[in-house]
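**Q** Right, I'll just put the structure down here and ask away after.
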Amino acid sequence: MNSLRHFFSQRLIWLALLLSVGIGAMVARTVWTMRSDEWDFAARTNRNLVTALEQSLDWTLGAMDQSLQDVAAKLEQPGIMTLPQELRSPVLFSAPLRAAGLMDTYVIDRRGDIIIDSAAFPPRKANYADRDYFQALMAGTQEGFVIGRPVMGRVTQLWMLPVARAYRDADGQVAGVVVSSIRLGYFNELFASLNLGADSGVNLILASGIIVSRYPYGDADVGKSLAGTENMRRILAKRAGSFVGVASLDHVERLYTFRHVGPYPLVVNVAQSTQAMLARWRINALQLSVFALVLMVSCVGLAILFTRELQRRQEVSARLQEAEHHMRTILDNLPSMIGYWDAQLHNRFANHAYVDWFGVTPEALRGKHISELLGAELYTKNRPYLEQALQGHAQRFERTIVDPSGVARHSIASYLPDCDGDAVRGIFVQVTDITERKRMEDELFKEKELMRLTLQSIGDAVVCADAQGRVTYLNPVAQRMTGWQAFDAAGRDVDEVAPLYLANGQQTQPSPLRVALATQAACGPTRGVVLHRKDGQRFEVEESACPIIDRERHLTGAVMVLHDVTETMAMAERMAHLAQYDPLTDLPNRVLLQDRAQHALALARREANGLGVMYLDLDGFKQVNDTLGHDAGDQLLVQFARRLVAAMRQSDTVCRQGGDEFVLLLPGLEDPRQVAAIASKVLGVCQEPFVLNGQTLKMGLSAGLALFPQHGSDYEELARHADAALYAAKRGGRMQVRCNRGQDAEPEVVALPGSPAPVLPDA
């Protein structure tokens, strides 16, 4: 029987193949015939369209030529140009302009200027000496009716095709040009009635290869030259014809059908895309081919299906048995209890976990009512869920049950209705032991709660974010420092919630949290960073961040810690200031003076400039302390320091050595006049009396000056000479400035402006 079935099956397949080949050959011949007919129809249509367009354009250009001839003839009549200017236009253009699309007509003189305008008086101002038609007619290289290149009208601001004729004077010389134009929109209106399909259109081209109009492609290609292209050479080869070519502008293959327009240097062609010409044929061919292919495939397919039907049925039966075996194996090895109970709640299936839990065999369980298995108490608890499931509503609930060994275990149960339309045929039951999961959840909750309490109790700001840098947590300190509540900040970008800036407060500082996310490595701690609070308050902070990596080494987020160092930094700044400045007068002290003196000396040596060191001492200061008290003495020192700073140059350094001793560092001091000016300023500080606790007090001062390089090469030497000059001033009567004169010479009093200048010693 099997061999007979095989014999007929083979013969049936060969017959189906032969029938398919015959159908394919017949359809192929039909498709080719349809293509030839479609092509011939499109070619005839294009020839008819080109002929109609050529006749229409020939008539239009002829009418326009006649209108220009009429105007030129009138211009050549004696006396026309002697008429008043306002009468010339009505006389010249009395006859109606007979050409459709014709625009205004102008009479242009030898210079190219409009002298007569058909539409305006006085004539509009424009010059056409640069136009190709004007130059050709004036030079005599062309005669009669001349068509120029398409241009944008100077007066009308429209694309147009100019046409012109020359007119002559009484001597027969060319006196000027009569010019008009056809707006290119006229050609588009003429061609608009044609529907040639996609990538198809009508082209109007000058014999020189210049494009006049391409419909429906607009004005983008107007004026472009096709001279020298293969298509243009074929068009110029004969008066009319057709050919298939590829356009140089858009590289589309088209059927070009063309005719030259009468005696004029114009060519009109209908360019229809071969794709559009054969579009309908392709659809019909595709439909016919698909139909034939369906027939062919059907013949072969039916034969193959017939031969394989028996084998398929056998294979399906075997696969079903195998699938059932696999399904039972999977269910038996699942940790969850899986069972099926019919609409009467009798068991139809249970996996190994189910029967093992209750300590029964599958045979004993099958057909048993669920109440017998669960017992009265558990059945009563589960009955509401069972009734809802039998009504078609899926149920899911947690339950604590006691296993056969007496251990209470947590479980999650699911009742899934087995529906056939609106009827419920039974219930799929799944019960999963979640005891271990509950234990882990409890431990995780404890750890999470411990972490939460830890983060809330520490004194630094803690900001947590996800892998995209969006805030997930702020501890109370972070909420206080940023001004954001945790619930408002959640989901916002970390740079918005905790914006960080450099110490200048202007340039932003990349968030260490962002850096940790990008590098997946800890960063910091970093100082010199300012946190801008939401309300504008600023905190100097020490920043650090660390990425959060899960056990699979996946980046899940990052945590940033901000330690407030505002007070610490402020204290450090105060201590640094006190180390270099006098606490009473806030002037540089001896330490800062030494540093500035070294820099000033180095600059003076490098630039070959002078430098002065002046020691000052208030006259009678001890008496002020003794009579008025040290508080009044401190007031005197502060007032004196302010006056001294105000009197000196910005480049000078005013220092308090201690007590009532002050030191001036004076860069660029070389000229005797500069010395006199400085001395005058110094002495002028004590010209006005001082007010101390309501009492007016007149004070004097003494000063000594030493100059670099005349009196020393380093600061110690200059200071020694200046100090010696100071004491010479005190001995000499005080309220004076003395300048060192050399090692063995008595310091000399510095003459103030208006008195003879002292002679300073040479280096």
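The values are calculated or read from the model by the stated rules, or taken from the named source; none is laboratory data. Predicted model only: the values in this text are computed from it and were never measured. Every residue, glycine among them, receives a Cβ derived from its backbone with ideal geometry; neighbour counts consider all protein chains shown.
**Q** Please give the helices (runs of 4 or more DSSP H) falling wholly within the range 613-696 in which 2 or more residues are acidic (Asp, Glu) and under 17 Å from Leu584 (Cβ atoms).
**A** On the way: elements: 621-628, 630-647, 672-684.
So the answer is 630-647.
**Q** Return a yes/no flag: does the range 507-516 have any residue that is over 30 Å from the mean Cα position of the chain (by Cα) and either among the basic types (Lys, Arg) or in the same structural domain as Val402 (by TED's automatic domain parsing) (or both).
**A** As a first pass, look at the range 507-516 and keep what is over 30 Å from the mean Cα position of the chain (by Cα): none.
Scanning the range 507-516 turns up no residue that is over 30 Å from the mean Cα position of the chain (by Cα) and either among the basic types (Lys, Arg) or in the same structural domain as Val402 (by TED's automatic domain parsing) (or both).
**Q** Could I ask something else about it? Considering (1) touching a strand residue (DSSP E or B) at 6+ places or on another chain (Cβ under 8 Å); (2) surrounded by 12 or more Cβ atoms within 10 Å (Cβ to Cβ), say which one Gln598 fails and leave the rest.
**A** Checking Gln598 against (1) touching a strand residue (DSSP E or B) at 6+ places or on another chain (Cβ under 8 Å); (2) surrounded by 12 or more Cβ atoms within 10 Å (Cβ to Cβ), the one that fails is (1).
**Q** Another question about this same structure. Can you pull out the residues in the range 509-526 that are outside any loop (DSSP other than H, G, I, E, B) and over 19 Å from Thr566 (Cβ atoms)? Step through it out loud before you land on a result.
**A** From the range 509-526, those outside any loop (DSSP other than H, G, I, E, B) are 512-519, 523-526; that's our starting set.
Selection gives Leu513, Arg514, Val515, Ala516, Leu517, Ala518, Thr519, Cys523.
**Q** If I ask for residues that are assigned to a strand (DSSP E or B) and touching a Phe, Trp or Tyr at 6+ places or on another chain (Cβ under 8 Å), which ones from the range 481-508 would you list?
**A** The initial filter retains those residues of the range 481-508 that are assigned to a strand (DSSP E or B), namely 493, 500-502, 508.
Hit for the range 481-508 is Thr508, nothing else.
**Q** Can I ask one more? For the list (1) within 23 Å of Ala706 (Cβ to Cβ); (2) in contact with a helix residue (DSSP H, G or I) (Cβ under 7 Å, 6 or more places away or on another chain), I need the number of the one condition that Asp671 fails.
**A** (2)
**Q** Being touching a Ser or Thr at 6+ places or on another chain (Cβ under 7 Å), in a loop (DSSP other than H, G, I, E, B) and not hydrophobic (A, V, I, L, M, F, W, C) is the filter here, so list the residues in the range 111-145 that pass it. Break it down stepwise before answering.
**A** Quick first cut of the range 111-145, residues touching a Ser or Thr at 6+ places or on another chain (Cβ under 7 Å) only: 116-118, 121.
When the remaining residues are screened for being in a loop (DSSP other than H, G, I, E, B), the result is 118, 121.
Of everything in the range 111-145, just one residue is touching a Ser or Thr at 6+ places or on another chain (Cβ under 7 Å), in a loop (DSSP other than H, G, I, E, B) and not hydrophobic (A, V, I, L, M, F, W, C), namely Ser118.
**Q** If a residue has to be in a loop (DSSP other than H, G, I, E, B) and either aliphatic (A, V, I, L, M) or surrounded by 20 or more Cβ atoms within 10 Å (Cβ to Cβ) (or both) to count, how many in the range 146-168 make the cut?
**A** As a first pass, look at the range 146-168 and keep what is in a loop (DSSP other than H, G, I, E, B): 148-150, 153-158.
After this cut, where a residue has to be either aliphatic (A, V, I, L, M) or surrounded by 20 or more Cβ atoms within 10 Å (Cβ to Cβ) (or both) as well, the list is 148, 150, 155, 158.
So the count comes out to 4.
**Q** Quick check on my filter: what residues within the range 121-131 are surrounded by 14 or more Cβ atoms within 10 Å (Cβ to Cβ) and over 54 Å from the mean Cα position of the chain (by Cα)?
**A** Those that are surrounded by 14 or more Cβ atoms within 10 Å (Cβ to Cβ) and over 54 Å from the mean Cα position of the chain (by Cα): Phe121, Pro123.
**Q** Continuing with the same structure: Among the residues of the range 545-558, which ones are among the β-branched types (Val, Ile, Thr) and either within 29 Å of the chain's Cα centre (by Cα) or within 14 Å of Thr526 (Cα to Cα) (or both)?
**A** Step one: filter the range 545-558 for residues among the β-branched types (Val, Ile, Thr), giving 548-549, 556.
Hit for the range 545-558 is Thr556, nothing else.
**Q** Hey, does the range 241-249 have a residue that's aromatic (Phe, Trp, Tyr) and either touching a residue at least 24 places away in the same chain (Cβ under 8 Å) or assigned to a helix (DSSP H, G or I) (or both)? Don't jump to the end; show me each part of the working.
**A** Step one: list which residues in the range 241-249 are aromatic (Phe, Trp, Tyr), which gives 243.
With either touching a residue at least 24 places away in the same chain (Cβ under 8 Å) or assigned to a helix (DSSP H, G or I) (or both) added as a condition, the list becomes none.
No, the range 241-249 contains no residue that is aromatic (Phe, Trp, Tyr) and either touching a residue at least 24 places away in the same chain (Cβ under 8 Å) or assigned to a helix (DSSP H, G or I) (or both).
**Q** Next question, about the same structure. For residues in the range 415-443 being aliphatic (A, V, I, L, M) and at pLDDT 85 or above, which is farthest from Leu331 (Cα to Cα)?
**A** Kept after step one, since they are aliphatic (A, V, I, L, M), are these residues of the range 415-443: 416, 423-424, 427, 429, 431, 434, 440.
Now narrow it down to the ones that are at pLDDT 85 or above: 416, 423-424, 427, 429, 431.
On the way: Leu416: 16, Ala423: 26, Val424: 23, Ile427: 16, Val429: 12, Val431: 12 Å.
Out of the qualifying residues, it is Ala423.
**Q** Working carefully through the options Arg452, Arg439, Arg425, find the one that is more than 41 Å from the chain's Cα centre (by Cα) and in a helix (DSSP H, G or I). Steps first, answer last, please.
**A** Numbers: Arg452 fails: more than 41 Å from the chain's Cα centre (by Cα); Arg425 fails: in a helix (DSSP H, G or I).
Residue meeting the stated conditions: Arg439.
**Q** Applying the selection to the range 456-480, what residues are outside any loop (DSSP other than H, G, I, E, B) and either over 19 Å from Arg514 (Cα atoms) or free of Cβ contacts under 8 Å to residues at least 40 places away in the same chain (or both)? Talk me through it step by step, then tell me what you get.
**A** At the first step, the residues of the range 456-480 found to be outside any loop (DSSP other than H, G, I, E, B) are 456-457, 461-466, 470-474, 476-480.
Scanning the range 456-480 gives Gln456, Ser457, Arg470, Val471, Tyr473, Leu474, Pro476, Val477, Gln479, Arg480.
**Q** Give the range 326-364 a look and list any residue that's out of contact with any Leu (no Cβ under 9 Å at 6 or more places or on another chain), free of Cβ contacts under 8 Å to residues at least 40 places away in the same chain and in a strand (DSSP E or B), or say none.
**A** So the first thing to find is which residues in the range 326-364 are out of contact with any Leu (no Cβ under 9 Å at 6 or more places or on another chain), and the list is 326-337, 340, 342, 344, 346, 348, 356-357, 359, 361-364.
Imposing the further condition that a residue be free of Cβ contacts under 8 Å to residues at least 40 places away in the same chain reduces the set to 326-334, 344, 346, 356, 361-364.
Scanning the range 326-364 gives a single hit, His346.
**Q** Report whether or not Arg396 is surrounded by 12 or more Cβ atoms within 10 Å (Cβ to Cβ) and basic (Lys, Arg).
**A** Values: surrounded by 12 or more Cβ atoms within 10 Å (Cβ to Cβ): no; basic (Lys, Arg): yes.
Answer is no for this residue.
**Q** Does at least one position in the range 468-487 carry a residue that is within 24 Å of the chain's Cα centre (by Cα) and of a type in the set (S, T, N, Q)?
**A** yes
**Q** Please pick out the residue among Glu189, Glu230 that is acidic (Asp, Glu) and more than 30 Å from Pro123 (Cβ to Cβ). Quick ask: steps written out before the conclusion?
**A** On the way: Glu189 fails: more than 30 Å from Pro123 (Cβ to Cβ).
Only one candidate qualifies: Glu230.
**Q** Looking at (1) touching a Cys at 6+ places or on another chain (Cβ under 8 Å); (2) under 16 Å from Leu593 (Cβ atoms), which is the only condition Met699 fails?
**A** (2)
**Q** Test each condition in (1) within 26 Å of Leu628 (Cβ to Cβ); (2) touching a Lys or Arg at 6+ places or on another chain (Cβ under 6 Å); (3) assigned to a helix (DSSP H, G or I); (4) not aromatic (Phe, Trp, Tyr) for Ser702 and report the one that comes out false.
**A** Going through the list (1) within 26 Å of Leu628 (Cβ to Cβ); (2) touching a Lys or Arg at 6+ places or on another chain (Cβ under 6 Å); (3) assigned to a helix (DSSP H, G or I); (4) not aromatic (Phe, Trp, Tyr), Ser702 breaks only (3).
**Q** What are the residue pairs meeting all of these: first residue in the range 554-566, first residue without any contact (Cβ under 8 Å) to a residue 40 or more places away in the chain, second residue among the small types (Gly, Ala, Ser) and in a loop (DSSP other than H, G, I, E, B), Cβ atoms under 9 Å, and 6 or more apart or on different chains?
**A** His554/Ala467
**Q** Here is a further query. Which condition breaks for Asp219 when tested against (1) within 21 Å of Leu190 (Cβ to Cβ); (2) without any contact (Cβ under 8 Å) to a residue 12 or more places away in the chain?
**A** Just one mismatch for Asp219, condition (2).
**Q** Looking at Thr380, is it among the β-branched types (Val, Ile, Thr), over 20 Å from Asp433 (Cβ atoms) and either exposed (fewer than 14 other Cβ atoms within 10 Å of the Cβ) or more than 59 Å from the chain's Cα centre (by Cα) (or both)?
**A** Numbers: among the β-branched types (Val, Ile, Thr): yes; over 20 Å from Asp433 (Cβ atoms): yes; either exposed (fewer than 14 other Cβ atoms within 10 Å of the Cβ) or more than 59 Å from the chain's Cα centre (by Cα) (or both): yes.
Against the criterion (among the β-branched types (Val, Ile, Thr), over 20 Å from Asp433 (Cβ atoms) and either exposed (fewer than 14 other Cβ atoms within 10 Å of the Cβ) or more than 59 Å from the chain's Cα centre (by Cα) (or both)), Thr380 qualifies.
**Q** Is it the case, given these coordinates, that Phe291 is aromatic (Phe, Trp, Tyr) and assigned by TED's automatic domain parsing to the domain that holds Phe145? Spell out the reasoning first.
**A** On the way: aromatic (Phe, Trp, Tyr): yes; assigned by TED's automatic domain parsing to the domain that holds Phe145: no.
No.
**Q** Has the range 124-131 got any residue that is in contact (Cβ under 8 Å) with a residue 60 or more places away in the chain and basic (Lys, Arg)? Steps first, answer last, please.
**A** Filtering the range 124-131 for residues in contact (Cβ under 8 Å) with a residue 60 or more places away in the chain gives none.
Scanning the range 124-131 turns up no residue that is in contact (Cβ under 8 Å) with a residue 60 or more places away in the chain and basic (Lys, Arg).
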